[in-house]
Amino acid sequence: MPTDLDSMVKVFSRPKSLTEARSTYCPGCQHGILTRIIGQTIDELNIAERTLIIAPVGCSVFAYLWYRCDAVQVAHGRASAVATGIKRADPNLVVLSYQGDGDFASIGTAESIHAANRGENITVIFVNNQVYGMTGGEMAPTTLIGQKTTTTPSGRDAAMFGYPIRFSEMIAQLDAPVYVTRQALYDTKRIMDATKAIKKAFTNQVEGKGYSLVEVLATCPTNWHMKPVDASRHVVDVVTKVYPLGDLVDRG
Amino acid sequence: MERSVIIAGFGGQGVILAGKILAQAAMNHGLEVTWLPSYGPEMRGGTANCTVVMANETVGSPIVDEPTSLIAMNLPSLDKFEQMVAKGGTIIVNSSLVNREVARNDLNVIKLPLNDLGAKVGNMRAINMIALGGYVKATGVVPLEVVKETMAQMLEKGGKGKFVPLNAKALDEGYNAAH
Amino acid sequence: MGEKVLLRGNEVIAEAAIRAGCQCYFAYPITPQAELLEHMAVNMPRLGRTFVQAESELGAINMVYGAASVGVRTMTSSSSPGISLKQEGISYLAGSSLPAVIVNVVRGGPGLGDIAPSQCDYFQATKGGGHGDYHMIVLGPSTVPEAGTLTMLAFDLADKYRTPVMILADGMLGQMMEPVDLPDPIDVASLPKKAWATTGAKGRDPNIILSFDLDPEVLKRMNLELQRRYREIEKNEVRYEEVETGDADIVIAAYGTTARIAKTVIRMARAEGIKLGLFRPITLWPFPYAPLKKLSERVSTVLTVEMSAGQMWEDVRLAVAERAETPFYGEMGGVVPTPRGILREVKKYAH
């Protein structure tokens, strides 16, 4: 007797380049979606055997666990410099520098800007969730004005702590980068767009075009003290007003 | 047998290059050698200098507190280093710029009017080679011909071969003027 | 061996690194090691190798971390203040068991200090410098030719033990010229393959380079493995030189440029009938405790001479204990001890 199961076609599965390791991210966190998009992209481009993942310091410190790829865990903020060393030593490798906002846009400012300015042929994914997630929800350089964090208990005050930094716009001022874009993950369309952007950022590297940066606005329900759905709505209603979505540079 | 010389003067008088040529010539002549440029605190006080040590065996200290010779291209250099020179040593003095006598009487003092001799050979930038020629004559540490060959090789290697005849003439001028 | 050439210490270190198969060099300008950077800037691209002037010392050491991960021979160089900035990266290199060579052409400190020669970074180099329980091998060349041979050795030791290795030079060694027979280039293809390197997970499980684990028991095991390797290095790699110690009554303990100056002092002292010798550590870590201990049993005095306030002196006293007098003579701030200055000190202990 044929069953319904026999007539089913598998249309969605774990990308081959992702491991079975159990996620360390909080429930509702969008790093997981991003990890899947990257895995899928590595599969589609068939580059798992030459991809090198750089795991930073921050919530994604365990990024080396998620992929069936070689990986290097690095010091806080230095991922883009390490990526430079790796890529210069072996240009055949496909290097992903996966960095959070504290890592990329605060402690790693010099390394981030100068790797971009040299036009290193690497792919950087910069996850902007406006908070230091791993250390307990402190202010990030990207924290919004008025946003409460554990180090801005009354809300970020520009007079005291400056303004949310639009780092991708800064990178976009440079001559070298080939692709700089800001994406989000709050609904299906945005996930599809982000997937396209990430594939483009990897393809640019594979084709030797140069530096690509994909900033991804992500939620942190835990430290925002919101339910995941509300956190996504917050990205739509508030965060994208400060950090508009779309391509900033596309010289590909 | 270890010989050492401090070559000192104003920046631009070519003391560093003179030291390099002497060091290279000594090496080509089969001696062990060290060359140490003026460096750090010694760069103050208007003098640039370098120290060359030449020996038959491995050179010990490249820094010298009792040089066997001094080439003083200006007054501050004589003031600074005169008292350090080993007893019985040699001082080459640029008498064009040094308006005093060497105070010590236990040294072999050779006064060369380097600026006048520079004018005579036709280029003031060659006074370092005039001084070096005088030093070679006075000490005999390296034959003049070896210094000349070395100078020619080094200038040619540095793309400055056209200055070889001038500098050879300057070496001769200093050599002949020293006695 | 090729023909003898007259070169600066900085140039010889750079050229020796090239001949040791250094594939990637990253650095930031600072005096008094600029000639090293400049030699690499000219010659690495000419050989199809990597030269990057980094945005900072942090950038440079982390580029080294990246290149080392991939398994190539890699180096950075700097001088004291810049080496302070590199400490984070050196700790990560040690923690991740990555081979790399770091050159410190030491200048006067602390703070901005000056650009004159010093040995004031001995503690930083030999006792860790960065955070965590680690060591690196520290080599102290005394002459320009030795700067070349020890640079070649540094790359071999780094690979053999998967550890950062430091060349601890000083401004004088970097700036001075001396004749040198440059060592023959090695055949890079003949080097053992590094199975651990992150060269792409093709036909094997992924390789992971990392210096951490949040499980204390696991991190303890990682630390124990490092310590096991350090004991092995201490057993195999201690290097030192003794000069005229056979009949010596007084021995100078000195390394690097200071040891070289001391060789002249030996000649001067012996001319005056003082039986003076020299004990010169070549590996500053691992420090040659055992041979110095042995030597101290038959001399009256071990006089430590350094261009510092007395840093290696601590290791000398650990080795000598109460077996001999252990006075100290040091100069600081870029002042170089002269032969006569050292002889004056020696005479205080001559009977």
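Local charge for residue A:167 was computed over the other residues whose Cβ lies under 9 Å away, with Lys and Arg +1 and Asp and Glu -1, and equals -2.
Only helices at least 18 Å long along their axis, Cα-based, and averaging -0.5 or more on Kyte-Doolittle count here, so list those DSSP H runs from chain C. Qualifying helices, which must be both long enough and hydrophobic enough, are C:34-46, C:57-70, C:80-95, C:144-161, C:256-271. Model label sites at residue C:215 and residue A:196, defined 7 Å from Cα along the beta-carbon direction, differ in position by 4.4 nm. Give the shape of the stretch B:2-177 as rounded, prolate or oblate, defined through the alpha-carbon gyration tensor: a ≥ b ≥ c are the square roots of its eigenvalues, a/c under 1.5 means rounded, and otherwise the shape is prolate if a/b is larger than b/c and oblate if not. Since a/c stays below 1.5, the shape of the stretch B:2-177 is classed as rounded.
Shielding of peptide C:86-93 by partners, expressed as the average count of other chain Cβ atoms within 10 Å per residue Cβ, is 2.
What value, in deg cm²/dmol to 500, does the helix sum -39500 (n - 2.57) over DSSP H runs of n ≥ 4 give at 222 nm once divided by the residues of chain A?
On the way: 8 runs with 75 residues, N = 252.
Mean residue ellipticity, 222 nm, calculated: -8500 deg cm²/dmol.
So for the stretch B:2-177, taking the charge dipole from beta-carbon charges (+1 Lys/Arg, -1 Asp/Glu), which of B:150, B:24, B:123 sits furthest toward the positive end? Of the options given, the answer is B:123.
When A:142, A:222 are ordered from fewest to most other Cβ atoms inside 10 Å of their Cβ, what list results? Working shown, then result.
Details: A:142 27, A:222 19.
Least to most surrounded, the residues fall as A:222, A:142.
Taking the number of other C-beta atoms within 10 Å as the exposure measure, put C:160, B:87 in order starting with the fewest. Mind showing how you got there, number by number?
Working: C:160 17, B:87 9.
Going from least to most buried by this count: B:87, C:160.
By DSSP, the beta bridges lying fully in chain C are antiparallel in about 25 percent of cases.
Sorting B:120-132, C:186-198, A:122-134, B:167-179 by average packing, meaning the other beta carbons within 10 Å per residue, from highest down gives A:122-134, B:120-132, B:167-179, C:186-198. P(r) tail for chain C: Cα pairs beyond 30 Å make up 36% of the total.
Using a Förster distance of 41 angstrom, determine the FRET efficiency expected from the C-beta separation of residue A:11 and residue C:236, and round it to 0.05.
On the way: r = 59 Å, r/R0 = 1.45.
After rounding, the FRET efficiency stands at 0.10.
By other beta-carbon atoms within 10 Å, ranking C:345, A:215 with the fewest at the front produces C:345, A:215.
Each label point was placed 7 Å from the Cα along the Cα-to-Cβ direction; for residue C:270 and residue A:26 their separation is 7.4 nm.
Highest mean packing first, where packing is the average number of other Cβ atoms within 10 Å per residue, the peptides C:14-27, B:57-70, C:65-78 line up as C:65-78, C:14-27, B:57-70. Cα centroid separation, the stretch C:96-137 to the stretch C:236-274: 25 Å.
In deg cm²/dmol, rounded to 500, what helix-only [θ] at 222 nm does chain C give when every DSSP H run of at least 4 residues adds -39500 (n - 2.57) and the total is split over its residues? -13000 deg cm²/dmol, from helical runs alone.
Separation of the stretch C:189-234 from the stretch C:327-350 is 45 Å, based on Cα centroids. The charge dipole of chain B, taken about its Cα centre with unit charges on the Cβ of Lys, Arg, Asp and Glu (plus for the first two, minus for the last two), comes to roughly 540 debye.
Each of residue C:325 and residue B:103 was given a label point 7 Å from its Cα along the Cα-to-Cβ line. The distance between the two points is 3.5 nm.
Extension gain, residue A:36-residue A:138: 0.36 nm per intervening residue step, less the Cα-Cα distance, totals 34.0 nm.
Taking the DSSP beta bridges with both ends in the protein assembly as shown, the antiparallel portion is around 30 percent. For the stretch A:178-252, the direction-averaged projected area of the alpha-carbon convex hull comes to 5.1 nm². Between residue B:115 and residue B:29, the C-beta separation translates, for a Förster distance of 35 Å, into a calculated FRET efficiency of about 0.75. Cα centroids of the stretch B:41-103 and the stretch A:102-152: 58 Å apart.
Within 10 Å of each Cβ in peptide A:107-116, how many partner chain Cβ atoms are there on average? Round it to a whole number, please. Intermediate results must be reported in sequence, preceding the final value.
Numbers: counts 1, 3, 1, 5, 7, 1, 1, 5, 3, 0.
If you average over the peptide's residues, the count of other-chain Cβ atoms is 3.
Based on the Cβ-Cβ distance of residue C:222 and residue A:92, what FRET efficiency does E = 1/(1 + (r/R0)^6) give at R0 = 30 Å, to the nearest 0.05?
Working: r = 30 Å, r/R0 = 1.00.
Efficiency at R0 = 30 Å is approximately 0.50.
Between residue C:46 and residue C:309, the contour length at 0.36 nm per residue exceeds the Cα-Cα span by 90.4 nm.
Nothing charged except the Cβ atoms of Lys and Arg (+1) and of Asp and Glu (-1): what's the magnitude of the dipole of the stretch C:6-85 about its Cα centre? Round to the nearest 20 debye. List each step's numbers first, then the result.
Values: 5 positive and 6 negative charges, 56 e Å.
That gives a dipole near 280 debye.
For the segment B:51-60, counting C-beta atoms of other chains within 10 Å of every residue's C-beta and taking the mean gives 3.
May I ask you to order A:32-38, A:158-164 by the average number of other C-beta atoms within 10 Å around their residues, highest value first?
Working: A:32-38: 21.1, A:158-164: 12.4.
So the order, starting with the most tightly packed, is A:32-38, A:158-164.
With N counted as the residues of the protein assembly as shown, its alpha-carbon radius of gyration over 2.2 N^0.38 Å works out to 1.14. Dipole magnitude for the protein assembly as shown: computed about the Cα centre from +1 point charges on Lys and Arg Cβ and -1 point charges on Asp and Glu Cβ, it is near 660 debye. DSSP beta bridges fully contained in the stretch B:2-177 are about 50 percent antiparallel.
Bear in mind these aren't lab numbers, they're just calculated from the coordinates by the rules spelled out. Owing to the predicted nature of the structure, the values given are computational and were not obtained by experimental measurement. Note: ideal-geometry Cβ built from the backbone for every residue, glycine included; neighbour counts use all protein chains shown.
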